[in-house]
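Scroll down for the structure; my scribbles are underneath it.
The values are calculated or read from the model by the stated rules, or taken from the named source; none is laboratory data. Bear in mind that the values here come from a model prediction, so they are computed numbers and not experimental data. Every residue, glycine among them, receives a Cβ derived from its backbone with ideal geometry; neighbour counts consider all protein chains shown.
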Amino acid sequence: MGLEVAIIDLTITEERAGDWSVLVVTGELDLYSHHVLRDRIDGADGDGKVDRAYVVDVRAQLYRIDAESALGEAREPSNWVITKIAALNDGDGGLNGTRKVFFAADAVLTRNYTAVLLGTGDREKPLSMTSNDRFFLIKDSKVGKGEPASVTLITDASLAEINASNTAGYDTEGCYFPLATNGEKVINQPITFGGITYFSTNRPLPPNSNSCTRAQNRAYQMPLVCRNPKFNNLVGDGLPPSPVVGYVDVGKGKLVPFVIGGPNDKNSAIEAARANILIPAKRKRSYWFMDNRDR
């Protein structure tokens, strides 16, 4: 599509039953980039309005789209501001190279930054046994309304590697987890649930006269923020679908968290398992106020 992001509004109300529209936003985008709009940040300041969205293109360039001004004023779509915040390819300056992104990023809002998570992998070449792909966590430190005043592009060189030392979480701009260079690539859309990000990879295997298996699939779960992931080797050669998360009512109002397509005992890409929620469900009071005027 070129220098545009197409946003399709499929919201249906009684007043607009069956109505839909296509919005094209133009801005500082790279030529010949195909963009996938994913996560919007709804009311980062608690006002219930969409503040911004994140979009990543096929060439691993990450953008943010600001729908409101710094004062919280809603902008007309034609005035939305698009800002590139990261260039994550493996060529010069991260602008070009061998990496591709075919799935949308995930976004998790924290107090000090928005964590944007995405993986690279050229699924158009599933049999390629040479690769340089990674799973990224980018920290966008501009959490308030309005576009950043200035931006220094985040690249590989400014990110910490997730490795055995386990210190990547202290990096101010984010981190990356390097995948195996023998063809391993991210082949579905990441999703974060209860402090864990789920995604899958695929890599081809050399021909073997004693085996019909031609690929190895892995289901990953990576804790926030920037910690070593765990994985299961999955059964089967096909590309795993994107993981699905949520809650299921098992009766009497009891909700159980689940993940389909994450690591599980049966090593299946479509098996459901109980999700491991790292964030405590119970809350405790950290502040209270007592009025003692009558004492």
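Tabulated data
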item: Selection status of Ala180, in contact with a helix residue (DSSP H, G or I) (Cβ under 6 Å, 6 or more places away or on another chain), more than 15 Å from Pro223 (Cα to Cα) and hydrophobic (A, V, I, L, M, F, W, C); result: no
item: Where Phe231 falls short, out of the listed (1) in a loop (DSSP other than H, G, I, E, B); (2) surrounded by 15 or more Cβ atoms within 10 Å (Cβ to Cβ); result: (1)
item: Tally, over region 63-75, of residues that are surrounded by 13 or more Cβ atoms within 10 Å (Cβ to Cβ) and assigned to a loop (DSSP other than H, G, I, E, B); result: 4
item: Among (1) closer than 27 Å to Asp51 by Cβ; (2) more than 16 Å from the chain's Cα centre (by Cα), the one test that Ala87 misses; result: (2)
item: Cβ pairs under 6 Å, 6+ apart, first in region 198-212 and surrounded by 23 or more Cβ atoms within 10 Å (Cβ to Cβ), second among the polar types (S, T, N, Q) and assigned to a loop (DSSP other than H, G, I, E, B); result: Ser200/Asn188
item: Given (1) under 25 Å from Leu71 (Cα atoms); (2) among the hydrophobic types (A, V, I, L, M, F, W, C); (3) touching a Ser or Thr at 6+ places or on another chain (Cβ under 7 Å), number of the condition Val116 does not satisfy; result: (3)
item: Residue among Ala215, Ala219 that is surrounded by 15 or more Cβ atoms within 10 Å (Cβ to Cβ) and within 27 Å of Asp171 (Cα to Cα); result: Ala219
item: Subset tally (residues that are exposed (fewer than 15 other Cβ atoms within 10 Å of the Cβ) and modelled with pLDDT of 95 or more) for region 92-129; result: 0
item: Selection count, region 59-111, where residues are in contact with a strand residue (DSSP E or B) (Cβ under 8 Å, 6 or more places away or on another chain) and closer than 22 Å to Ala157 by Cβ; result: 18
item: Sole residue being among the hydrophobic types (A, V, I, L, M, F, W, C) and more than 24 Å from Val244 (Cβ to Cβ), chosen from Leu224, Leu205; result: Leu205
item: Which numbered condition Ser141 misses (of (1) more than 27 Å from Gly91 (Cα to Cα); (2) loosely packed, with under 15 Cβ neighbours inside 10 Å; (3) in contact with a Phe, Trp or Tyr (Cβ under 8 Å, 6 or more places away or on another chain)); result: (1)
item: Residues that are assigned to a loop (DSSP other than H, G, I, E, B) and farther than 17 Å from Phe231 by Cβ, drawn from region 196-217; result: Pro206, Pro207, Asn208, Ser209, Asn210, Ser211, Cys212, Thr213, Arg214
item: Total residues in region 144-184, condition in contact with a Phe, Trp or Tyr (Cβ under 7 Å, 6 or more places away or on another chain) and modelled with pLDDT under 90; result: 0
